[in-house]
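Peer 1: Handing you a structure now.
Every read-out reported here was derived from the displayed coordinates using simple, explicitly stated rules and does not represent laboratory data. Not measured: the values here are computed from a predicted model. Virtual Cβ from ideal backbone geometry, glycine too; neighbours counted across all protein chains shown.
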Amino acid sequence: MAQIRNQPQQATPSLKVNGLNLDYFAPKEYTIGGTTLSGTQYLDKEVIITLSKLTKGETVILPGEATTNAIKNLWAQGLFDDIQLNVTKLIGDTVYFDILVVERPRLTSFEFTGISKSQKTDISEKLADKAGKTIINDNLYNTTRTIISKYLLDKGYFYTKIDFESKKDPNQENSVILQVNIDKGKRVKVQEIKFTGNSVFKSAKLRKFLKKTKQRAFYKVFGSGKFNKEKYEEDKLALVAKMQERGYRDAAILKDSIYRYNDKTVGIQIDLYEGPKYYFGDITWVGNAKYATEYLKKVFGIEKGELFSEEKLEKKLRGSANGDDVSSVYLNDGYLTFNIDPVQTRIHGDTVDVEMRMYEGPQFTNNKITIKGNTITNDKVVVREIQMKPGDKFSKEQLVQSVRRIGALGNFDESKTNPIPKPNADGTVDIEFNVEEKPSDQIELSGGFGGGRVIGTLGLTFNNFSLKNIFNGEAYRPLPKGDGQKLSLRGQTNGKFYQSYSFSFSEPWLGGKKPVSFGLSAFTSLQSNGIDASNAQFQKIRLNGVSISLGRRLKWPDNWFSLTHSVNLNQYILNNYPGFLFSTGTSYNLNLTQEIARDSRNHNIFPTGGAYIRFTIQATPPYSLLNNVNYSTASDLQRYKFTEYHKWKFESQWFTNVVGKLVFKAQAQFGFLGSYNSAVGQSAFERFKLGGDGMQGFDFLQGSELIAMRGYSNNSVIPVGANPTIAQNSGSPIFNKYVMELRYPVISSQQATAFMTVFAEGGNTWDKFSDFNPFNIRRSVGVGAKIFLPIFGLLGIDYGYGFDRIPGVPDANKGQFHFSIAQQMGGFN
């Protein structure tokens, strides 16, 4: 049997088969009688024989090039480790072949070294189609190396080295596990960014347009950040958009390159074409029947001669965040299928004429409104927050408001609330609101050390409670849910020295038909020095209270306003307890509170736009003006038995997006506690205590309102010239406070929201209105971080530095750490 193998030719010029010689010097033509394939496990035999071109019926010259080419053809496939071509028999002019092969091993899986767990997961997903039956060959090595290198390049690893090792898979025959050893090196920074072709735009200005790709500079204290290929690609688009926004509509990047600067950095070269500067020319309107051209021009707001900007053009037509664009005018009036196409009809010189081609379409009315995805919350709770009603004209503004109000419930993931309008042929539209439930209940369970004693706290808040199912055992999960009511229970104690218990319940839709809220709360708290009550040294204060409130949403001036009325009754029982205007006796505080608020924030947890404004008036009856008591000679028991005051508070918060995800918050607060009768004087309670974290915990501060101010210790910001001991304990009747804060989110998900802050604050307190000066403030700056977890609420840590010394309180300012737990997002602190 003659053999032709993938080895160098032997010296013998002929092969012997069954006593016959294949004479290399006298080749003879043969007809192939058949070809067989031996040694294969996975490959298709007929395909391999066809690739060899030694198929039955073909003629070959032996010895000749046909057999050599057959081996070359098969070897080129990269499928085999060894190939032998055997002449099994010769019958006259007919030859029979057998191709004996050794298949290369198959890949069963990858193993990676030198990269993180998350990177392994990402790369495995990209190589998922390779594992299984892929042949181990050069093509696999090259493809794997390319995919991994590109992935790491996008992450900023420019100088990656990759080696391969294979080991036999013990579980499968002729299969291997490919170990990929990766040395990704260090992520590189950008040493320099160079521009060519720019004459109008300075290179420094162009570098500023690259928001996510920054070159190194000595003055950048925290470094310029790592190079990221994906972000660089985004930056290139943003760079061109910024140039076009300034009138250079033809601006483009002709080419760009990233080159190695040194082992740790890269350089970037960008070749630009600026082109001429363009201006808006004639702007004409076609297809508008509903609204007059003059009105549309007024809404559009761009005049002939202004710098040409496609971004501004798009914003004015349909992309305004405030809803004051042309499309919103139509969409808010039912024209759901409205479309406008700005066509640049003529470019002459530096002027671009634009024709607004409009399709108004029919006016749609709302038909069916459905909710999907609410597995816990009842339909009625969601439906009543939807501003759109069947039979009303479709309105984009109402759709956006509905999504915002559904998010304000706190029961759904706001990022996944998706309204889908479905137009019908009869001019109606069905609207489907898709929502996704998220955990909304909160628990506060903590143990701490304060006042030299251990204190424990347990708080439970159920934000989607259902009172009507309280006796339905099947509805407990662990309490009945689904009706959007709120139930809170909280207890805090360290034994006989301190105890505090509270309860609150609120129903946002009393009766279920109108947005009239009802609230009921009660609390009791006690602090003493822990000694026996018969001892003359015994000190105690108990505070009991109950409150009932009614609130409603207003439709005027707009839908973001709300009005709340509440009646509150508090009882203060003091026994030899210092820090107030009297130390022993009982006082009652019956007051009526009126509050008007406007909340247009676009998000409850991390607002990026909108405002929150609240004005509150709280007042007791003017007892001293209605009775015949001579308060100038009255005892403390008479003077303070019925607390009387009028209290005014104002707060405003304003949020705006600065750039990217960076948000600016501005806040101002003011509070004033007044009296009816100078003979009675200021109220012993309801005063303001400014400074610190603003949390009321074991530092028991009954009958006072705590206002946070970072950079100063708790309650330390007291009026100038005041007695520190008295002022810190009793509080002040007047305060104001200002905050400026930059916020940047680091986590935004259903499970958690976290953001970093940089802040500057100023505030002060006064005893008399005649001393009040809103510009005479104590100042502080600092940094902080906050995280919102659905089960715990808002948790935070801040470090503030107070610049102004507080006389008599030596440790009030300078560096202060502040911790906050379960604070309210829109509270008065």
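Peer 1: If R₀ is 30 angstrom, what is the calculated FRET efficiency for the pair residue 656 and residue 389, using the beta carbon separation as r and rounding to 0.05?
Peer 2: Numbers: r = 32 Å, r/R0 = 1.07.
Computed FRET efficiency for residue 656 and residue 389: 0.40.
Peer 1: Suppose every K and R has +1 on its Cβ and every D and E has -1 on its Cβ; what is the size of the dipole of the chain about the Cα centre, in Debye to the nearest 20?
Peer 2: Details: 102 positive and 82 negative charges, 347 e Å.
Roughly 1660 debye for the chain.
Peer 1: Extension gain residue 797-residue 241, at 0.36 nm per residue separation less the Cα-Cα distance, in nm?
Peer 2: So the extension gain works out to 196.3 nm.
Peer 1: Taking each full run of DSSP H in the chain as one helix, which ones are at least 30 Å long along their axis (Cα atoms) and have mean Kyte-Doolittle hydropathy of at least -0.5? Mind showing how you got there, number by number?
Peer 2: Working: long enough: none.
Long hydrophobic helices here: none detected.
Peer 1: If a/c stays under 1.5 just call it rounded; otherwise compare a/b with b/c (prolate if a/b is bigger, oblate if not). Do that for segment 106-183, with a ≥ b ≥ c from the square roots of the Cα gyration tensor eigenvalues. Working shown, then result.
Peer 2: On the way: a/c = 1.98, a/b = 1.84, b/c = 1.07.
Here segment 106-183 falls in the prolate category.
Peer 1: Let me ask something else. Report the gain in length on full extension from residue 586 to residue 415: 0.36 nm times residue separation, minus Cα-Cα distance, nm rounded to one decimal. If you can, show how the numbers build up before the last one.
Peer 2: Details: separation 171, 0.36 × 171 = 61.56 nm, distance 5.15 nm.
Net length gain for the segment: 56.4 nm.
Peer 1: If eta is 1.002 mPa s and T is 20 °C, what Stokes-Einstein diffusion coefficient results for segment 727-785, Kirkwood Rh from Cα pairs, in µm²/s? Could you put the intermediate results ahead of the total?
Peer 2: On the way: Rh = 13.9 Å.
Calculated translational D: 155 µm²/s.
Peer 1: In nm, give the distance between the simple-model label positions of residue 50 and residue 668, each being 7 Å from the Cα along the Cα-to-Cβ direction.
Peer 2: In this crude label model, residue 50 to residue 668 measures out at 8.3 nm.
Peer 1: Here are some pairs, 28/72; 186/208; 496/647; 304/422; 304/389; which of them have Cα atoms lying more than 30 Å apart in this structure?
Peer 2: 496/647; 304/422; 304/389, as the Cα separations exceed 30 Å there.
Peer 1: What's log10 of I(q)/I(0) for the chain at q = 0.05, 0.10, 0.11 Å⁻¹, Debye sum over Cα points only, no solvent?
Peer 2: The computed values of log10 I(q)/I(0) come out as -0.49, -1.24, -1.34.
Peer 1: Applying 1/(1 + (r/R0)^6) with R0 = 51 Å to the Cβ-Cβ distance of residue 468 and residue 789, what FRET efficiency is obtained, to the nearest 0.05? Numbers along the way, then the final one.
Peer 2: Details: r = 29 Å, r/R0 = 0.57.
Efficiency at R0 = 51 Å is approximately 0.95.
Peer 1: Let me ask something else. Which of the listed residues, 351, 403, 427, is farthest toward the dipole's positive end in segment 335-455, when Lys, Arg count +1 and Asp, Glu count -1 at the beta-carbon?
Peer 2: With unit charges placed on the Cβ atoms, the residue in question is 403.
Peer 1: Shifting gears a bit: What stretch of the chain, leaving out the sites themselves, is the longest with no chymotrypsin sites (Phe, Trp or Tyr not before Pro) in a DSSP loop having at most 11 other Cβ atoms within 10 Å? If you can, show how the numbers build up before the last one.
Peer 2: Numbers: sites that count: 25, 42, 218, 219, 222, 471, 775.
Between exposed loop sites, the widest span is 472-774.
Peer 1: Excluding residues fewer than 8 places away in the same chain, name every one of the aspartates and glutamates whose C-alpha is closer than 20 Å to that of residue 649.
Peer 2: Qualifying aspartates and glutamates at Cα under 20 Å: 595, 599, 686, 693, 705, 761, 767, 771.
Peer 1: Still on this structure: In segment 60-75, whose amide N lies under 20 Å from the spot 7 Å out along Cα-to-Cβ of residue 138? List them in ranges.
Peer 2: Output list for this probe position: 69-75.
Peer 1: Shifting gears a bit: Karplus couplings for segment 740-746 from phi (6.51 cos²θ - 1.76 cosθ + 1.60, θ = phi - 60°), rounded to Hz, Gly and Pro as x?
Peer 2: Rounded to whole hertz, the list is 10, 9, 9, 10, 9, x, 10.
Peer 1: Which whole-number percent is the relative contact order of the chain (Cα, under 8 Å, 6+ apart)?
Peer 2: Working: 1889 pairs, mean separation 39.1, N = 829.
Relative contact order comes out at 5 percent.
Peer 1: Continuing with this model, one more query. Which value, in debye to the nearest 20, gives the size of the charge dipole of segment 367-434 about its Cα centre, when Lys and Arg are +1 and Asp and Glu are -1 at the Cβ? Please list the in-between numbers first.
Peer 2: On the way: 11 positive and 9 negative charges, 17 e Å.
Dipole size: approximately 80 debye.
Peer 1: Among 348, 565, what is the fewest-to-most ranking by other Cβ atoms within 10 Å? Show your work: numbers first, answer last.
Peer 2: Numbers: 348 8, 565 13.
In order of increasing Cβ crowding within 10 Å: 348, 565.
Peer 1: Once you have a ≥ b ≥ c as the square roots of the Cα gyration tensor eigenvalues for segment 223-285, tell me rounded if a/c is under 1.5, and otherwise prolate or oblate according to whether a/b is larger than b/c.
Peer 2: Working: a/c = 4.01, a/b = 2.60, b/c = 1.54.
Taking the square roots of the gyration eigenvalues as a ≥ b ≥ c, segment 223-285 is prolate.
Peer 1: Straight-line reach from residue 290: which aspartates and glutamates have Cα under 15 Å away, leaving out those fewer than 8 places along the same chain?
Peer 2: Filter leaves 333, 360.
Peer 1: What shape does segment 245-347 have by the C-alpha gyration tensor, where a ≥ b ≥ c are the square roots of the eigenvalues, rounded means a/c under 1.5, and otherwise prolate means a/b greater than b/c and oblate the rest?
Peer 2: Details: a/c = 3.64, a/b = 2.20, b/c = 1.65.
Prolate is the answer for segment 245-347, as a/c is 1.5 or above and a/b outweighs b/c.
Peer 1: I need the trypsin sites (Lys or Arg not before Pro) found in segment 335-389, filtered to DSSP loop residues with at most 14 other beta carbons within 10 Å of theirs. Please report the intermediate quantities before stating the final value.
Peer 2: Details: sites: 346, 357, 368, 372, 380, 384; in loops: 384.
Here no trypsin sites (Lys or Arg not before Pro) fit, given the DSSP loop and packing criteria.
Peer 1: Report the longest stretch of the chain that contains none of the GluC sites (Glu not before Pro) sitting in a DSSP loop with at most 14 other Cβ atoms within 10 Å.
Peer 2: Working: sites that count: 58, 173, 303, 306.
After excluding every exposed loop site, the longest remaining stretch is 307-829.
Peer 1: Among all the aspartates and glutamates, which ones have a C-alpha under 14 Å from residue 513's C-alpha, if same-chain residues fewer than 8 places away are not counted?
Peer 2: Filter leaves 379, 385, 483.
Peer 1: Could you list which residues have their amide H under 5 Å from that of residue 367, counting only those 5 or more apart in sequence or on another chain, with H placed in the peptide plane?
Peer 2: When sequence neighbours closer than 5 places are left aside, the close amide H contacts are 391, 429, 430, 431.
Peer 1: Just want the answer: with Cβ charges of +1 for Lys and Arg and -1 for Asp and Glu, which residue in 466, 485, 501 is farthest toward the dipole's positive end in segment 460-507?
Peer 2: 501
Peer 1: Given Cβ point charges of +1 (Lys, Arg) and -1 (Asp, Glu) and nothing else, what value in debye, to the nearest 20, does the dipole of segment 246-334 about its Cα centre take? Before the final figure, lay out each step's value.
Peer 2: Numbers: 14 positive and 15 negative charges, 14 e Å.
Magnitude of the dipole: close to 60 debye.
Peer 1: Still on this structure, I have one more. Using the Karplus equation 6.51 cos²θ - 1.76 cosθ + 1.60 (θ = phi - 60°), what ³J(HN,Hα) coupling, rounded to whole Hz, does each residue of segment 613-621 give in order, writing x for Gly and Pro?
Peer 2: 10, 9, 10, 10, 10, 10, 8, 9, x
Peer 1: Quick check on the exposure proxy: order 113, 265 from fewest to most C-beta atoms within 10 angstrom.
Peer 2: Numbers: 113 12, 265 17.
Taking fewest neighbouring Cβ atoms as first place, the list is 113, 265.
Peer 1: Assuming 0.36 nm per residue, please report the length gained on full extension of the stretch residue 532 to residue 298 beyond their Cα-Cα distance. Mind showing how you got there, number by number?
Peer 2: Numbers: separation 234, 0.36 × 234 = 84.24 nm, distance 7.86 nm.
Gain in length upon complete extension: 76.4 nm.
Peer 1: Add -39500 (n - 2.57) for each DSSP H run of 4 or more in the chain, then divide by its residues: what number comes out at 222 nm, to the nearest 500 deg cm²/dmol?
Peer 2: Working: 14 runs with 122 residues, N = 829.
It lands at -4000 deg cm²/dmol.
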